[in-house]
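Structure first, then comments.
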Amino acid sequence: MAQLIPSLCDDLGVGISVHDPDTGVIHSVNERVEALTGHPAAELRGTTMEAYAAADATATPDTFHQQIQATTDGEPQQFAWAVATPSGQVSQLRVRLSTTTLDGEPYVLAELQDITPEQDRINQLKTQESVLRRFHELASQSAPFEERMASLLEFGRTVMGVEQGFLTSIDGDTQRITIGVGPNDQLQDGATAPFAESYCRYTVEPDREQPMTVVNAAEDGWENDPAYDRFGLGCYAGSKLVVDGETVGTLCFADRDPTDTPFTELQETFIELLSEWASTELERADRERELRRKDRAIEAAPVGITITDPEQSDNPLIYVNDRYEEMTGYSEADALGRNCRFLQGDATREEPVAEMRQAIDNAESVTVELRNYQQDGQQFWNRVSIAPVTDDEGVLTNFVGFQQDITEDKQQQLELERTSELLEQTQQVANIGGWEYDLRSETLQWTDEVYHIHGKPETYDPTVGAAIEQFHPDDRESLRSAFAELTTDGTPFDLEVRILRDDGTMRWVRTRGTPRYDGDELVAVAGTQQDITERKEFEEELKRSNERLQEFAYILSHDLQEPLRMVSSYVCLLEEELEEQLDDETRQYIDFAVDGAERMRGMIDGLLLYSRVETEGSEHTETDVNTVLAAVEADLELKLAETDSELHVDSLPTIEADEDQLVQLFENLIKNAIEHGGEETTVSVTSTSVPEGVQFAVSDDGPGIPADQQDEIFGLFDKGGDSDGTGIGLAICERIVARHDGEISVESTPGEGATFYVTLPDS
């Protein structure tokens, strides 16, 4: 009977061995035990199992015998054990010991189950968790993007087992190394190369969903590729950088020597996570720049505005707007004549107050965040920006303040800080977590960050069904359908959906899923989840900003233009009616009034043009800049003749642009040169090809621009020392150039003229 039991269990897929309860000697085994140990049953019988333990087995000869004895004493045992075959292969086994009686004799029955794949997967997940933790630690540092990226690339060299990590940007036919870490001289910061001679040209292929890898270039058919000839890289792994749906560069790791084995799943996942994080950070920077431009255009609309008089004792308030009254609860009568510190209280921190005080003492701009008090005693977070106002001689006359209630933002920020140590500075870090679903075991694994995104404790046991139910009802079906396609035919997905957390809050999440294969078999699906709530809030704020800008333009055009026209008309009518009664001085005063009204109308027209640069611009089309300059010259023909000025235009290229806005851009720049240059000014327009596209130069031989005015010349209402101008023309130029993703700058030496440089993409 002791021989029969193991053989009857062969079909169970479990190893069964029968042992003497006193000595642990094996009486019989089934075929599965033979397979697990690598020894035939004849060799195993009469021996003890500890003889086949691997060198690192947790069950030593002594402990194994103790387990047998404990089982005999009525305490069934279970433990892990490593067994080594004659070939040296080590398997991790789960051993369960129990007692049985066969033919009236007591025995110990051992069940042996191979848990090597399970143990390997656990070890892999632990490694992944360690890598992701370090990833988040480096990404969440309070440092500029470039410094954090360099640290992550340095860490990535270790993860990938290569000598070089680098970030690139792609501009037409040229690839530039923006950040390089490692000893390879060809892959350092600022290095450039033809894009057609790089491995990255394959990385950015539109249909590529996963990182591009080269394990052994010389043996894998790359020896004749221009990338191998130029860089001599033996192995490479890279992923594309995508900003606003456009591929802008790559994130890569490489080595001059080939790798011994293909890149692992963890290594490829790390590249994907790092490229997604870098893409998000670059995208965030773009949106922040755009938001700042919008805010400058509508600075008076959505915020509280205050003006103080530093000439008076204690720099009191002399103006507050309605929004300030709403935000603070103090009426105009309550606030005027008092220093703005009356909003402060016990909870107001001294550090930002001191910073603001120092800025005021130095007549400098500053932005701080204060915990202030409303009139009813209620606390609120106040983002205060102050800036000095000077007259034409540069003498300080006032301070203007812009105040915004950011209480809700602060509360959300503080709540996030309290709920996650990994997200200490959530406004600067992309929150990325990983997940994996094993199709064989039907188990779902989350990293710590996914638990955080879902608002679940780490003790929570996630399932696919429960996880999908946590998403917004409007998003569940699309997510459920995408997951089904992924798990059946391996179709990847990339969705932006909403999670409803148990605490009642909602978070926007970008979730991605990709298949994992074992040969041709789909064995698992994995992906990432990224909290994109802040990005969504940025997008919504940009939308609101555009709406406020349109409202501002409407007010200007309808509420200000008509009164100005009436003033000008009535003053002229008055002059006609009283012509014979007016002396020369009175006529001069009337001329001043009419001229002032016309100047104000010109300023309003300029502001309208400024506000509509983006909202009413046309699509970019192929534009011949020679045609643009011909139109500009025709428009300025009279002005050129009146001032005896000359315009010289070189042969100019064709670019993708808004033709009407290019006319406006060059007309403003040339008109500015003529107006500031005086009589007989010569203006020239030339172009040069640069890596960023095309650089246009508008030069004149006028008196030039003083050095102290050059930094602020593109600011709204900055007249550059010209009391007759509106100070809007060059601001419009900057806004047009920004809409074309270009840059504008000025160089000037007083007495030697000025040159305005406009750099625009050529496609």
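Every number here is computed from the coordinates shown, using simple stated rules; none is lab data. All values reported here derive from a predicted model rather than from experimental measurement. Cβ placement follows ideal geometry from the backbone for every residue including glycine, while neighbour counts extend to all protein chains displayed.
Counting Lys and Arg as +1 and Asp and Glu as -1, what is the net charge of the other residues whose Cβ lies under 11 Å from the Cβ of L273? Could the numbers behind the result be given before it?
Numbers: positive: R512; negative: E268, E272, E276, E449.
Surrounding charge for L273 is -3.
Quick check: from the Cα gyration tensor, does region 227-266 come out rounded (a/c under 1.5), prolate or oblate? Walk me through the numbers before you get to the answer.
Details: a/c = 4.46, a/b = 1.57, b/c = 2.85.
Oblate.
Relative to 2.2 N^0.38 Å, what does the C-alpha radius of gyration of region 118-202 come to as a ratio? Two decimals please. Each step should come with its number before you reach the end.
On the way: Rg = 15.7 Å, N = 85, 2.2 N^0.38 = 11.9 Å.
Output field value: 1.32.
Kirkwood Rh over alpha-carbon pairs of region 83-164, then Stokes-Einstein at 20 °C and 1.002 mPa s: what D in µm² s⁻¹, rounded to an integer?
Details: Rh = 17.3 Å.
The estimated diffusion coefficient comes to 124 µm²/s.
Round to a whole angstrom and tell me the spacing of the C-alpha centers of region 133-173 and region 20-52.
Spelled out, the Cα-based centre of one part sits 53 Å from the other.
Could you list H136, H648 so that the one with the fewest beta carbons within 10 Å of its beta carbon is first and the one with the most is last? Don't skip to the end; give the middle numbers.
Values: H136 24, H648 10.
Going from least to most buried by this count: H648, H136.
Among H472, H39, rank each residue by its count of other Cβ atoms within 10 Å, from fewest to most, as a rough exposure measure. Walk me through the intermediate numbers first.
On the way: H472 13, H39 18.
Fewest-to-most Cβ neighbours within 10 Å comes out as H472, H39.
For N184, what charge total do you get from the other residues with a beta carbon under 10 Å from its beta carbon, if Lys and Arg give +1 and Asp and Glu give -1? If you can, show how the numbers build up before the last one.
Details: positive: R256; negative: E163, D185, D255.
Value of the local net charge: -2.
Quick query: amide H of H472 versus all other amide H atoms, modeled in the peptide plane; which residues come in under 5 Å with a sequence gap of 5 or more or a different chain?
Under 5 Å from the amide H of H472 lie the amide H atoms of R498, I499, L500, each far enough along the sequence or on another chain.
Stokes-Einstein diffusion coefficient for region 304-405 at 20 °C in a medium of 1.002 mPa s, Rh from the Kirkwood formula over Cα pairs: what value in µm²/s?
156
Mind running the shape call on region 626-673? Use the C-alpha gyration tensor, a ≥ b ≥ c as the square roots of the eigenvalues: rounded below 1.5 for a/c, prolate if a/b tops b/c, oblate otherwise. Provide the component values of the computation, followed by the final result.
Numbers: a/c = 2.39, a/b = 1.75, b/c = 1.36.
Judged from the Cα gyration tensor, region 626-673 comes out prolate (a/c at least 1.5, a/b above b/c).
In region 122-283, how does Rg compare with the Kirkwood Rh, expressed as the Rg/Rh ratio over alpha carbon atoms?
0.94
Please state the shape class of region 197-273: rounded when a/c is under 1.5, otherwise prolate if a/b exceeds b/c and oblate if not, all from the C-alpha gyration tensor. Could the numbers behind the result be given before it?
Details: a/c = 2.28, a/b = 1.36, b/c = 1.68.
Oblate, because a/c is 1.5 or more while a/b does not exceed b/c.
Could you list the GluC sites (Glu not before Pro) in region 657-715 that lie in coil according to DSSP, counting only those with at most 15 other Cβ atoms within 10 Å of their Cβ? Intermediate values should be presented prior to the final figure.
Details: sites: E659, E667, E675, E679, E680, E692, E712; in loops: E679, E680, E692, E712.
Those satisfying the criteria are E679, E680, E712.
Amide H neighbours of T505 under 5 Å, counting only residues 5+ apart in sequence or on other chains, H built in-plane at 1.01 Å?
none
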